1. Helix 27-39 versus the longest principal axis of the chain: what is the Cα-based angle in degrees, 0 to 90, to the nearest 10?
2. Once both axes come from the Cα atoms, what is the angle between helix 2-23 and the longest principal axis of the chain, in degrees from 0 to 90, rounded to 10?
3. Could you pull out every residue, at least 5 positions away or on a different chain, whose amide H is within less than 5 Å of the one on W105? Hs are placed 1.01 Å off N in the peptide plane, and Pro or chain starts have none.
4. If you project the alpha carbons of the range 74-145 onto their three principal axes, what span does each projection cover, largest first, in Å?
5. Relative to the compact-globule scaling 2.2 N^0.38 Å, provide the ratio for the alpha-carbon radius of gyration of the chain.
6. When the expected Rg is taken as 2.2 N^0.38 Å, what fraction or multiple of it is the alpha-carbon Rg of the range 10-69?
7. Lys/Arg Cβ at +1, Asp/Glu Cβ at -1, dipole of the chain taken about the Cα centre: which of S96, A136, L75 is farthest positive-ward?
8. Over the Cα atoms, compute the radius of gyration (one decimal) and Dmax (the largest Cα-Cα distance, rounded to a whole number) for the range 36-84, in Å.
Amino acid sequence: MAAAALPVMRYGLTTCFVWVGVLKFQDYEIENAEPLVTASPLTAWPRKKWGARNLGRVIGTTQIVLGSLIAAKPLVPRAFAAGSLGAAAMMVGTLSFLVTTPEAWREGHRMSQLSVLGEALLKDGVLLGASLLTAADSLSAADHS
């Protein structure tokens, strides 16, 4: 089972990053991200400087590149490690939206009650763990090649 888990995780990450990256070129995705982007100190300044659509394209392109690097593990383990570490960094960034975005919490409730947006962000903790595990796997493979 463990032998199957890593490839499933690798290509699951690849699919998530590439698919969501492609969606960043759609207007509805740009609009959905606005509360996150404008509330975060990480993304508010580039959003103001470049505009929502251009920031979405930069993020989308980054996600597509990271997803492609993650898929490269059988060919180039170090590139895969870079993709996985980049994905981990991106997940830390998106998890920070839980703190910076008021819309992530149900209005008038304590922190334990996430909104639908907050629930969607919470899954990035799993993607962060998967990114770190796949990075460790690729670095191990690179050291043994």
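1. Value to nearest ten degrees: 80.
2. The angle comes out near 40 degrees.
3. Here the answer is S115, since their amide H atoms fall under 5 Å of that of W105.
4. Ordered largest first, the range 74-145 gives principal extents of 55, 15, 14 Å.
5. Numbers: Rg = 16.3 Å, N = 145, 2.2 N^0.38 = 14.6 Å.
Scaled against compact globular proteins, the figure is 1.11.
6. Details: Rg = 11.6 Å, N = 60, 2.2 N^0.38 = 10.4 Å.
Normalised Rg, Cα atoms only: 1.12.
7. Checking the options against the dipole of the chain, the answer is L75.
8. So, for the range 36-84, Rg and Dmax equal 13.9, 40 Å respectively.
The values are calculated or read from the model by the stated rules, or taken from the named source; none is laboratory data. Everything numeric here is computed off the predicted structure, so don't read it as measured data. Positions of Cβ are generated from backbone atoms using ideal geometry, with glycine treated the same way; all protein chains shown enter the neighbour counts. Side chains included, ligands, DNA and RNA excluded: accessible areas come from the protein's heavy atoms. Shrake-Rupley method; radii C 1.70, N 1.55, O 1.52, S 1.80 Å.
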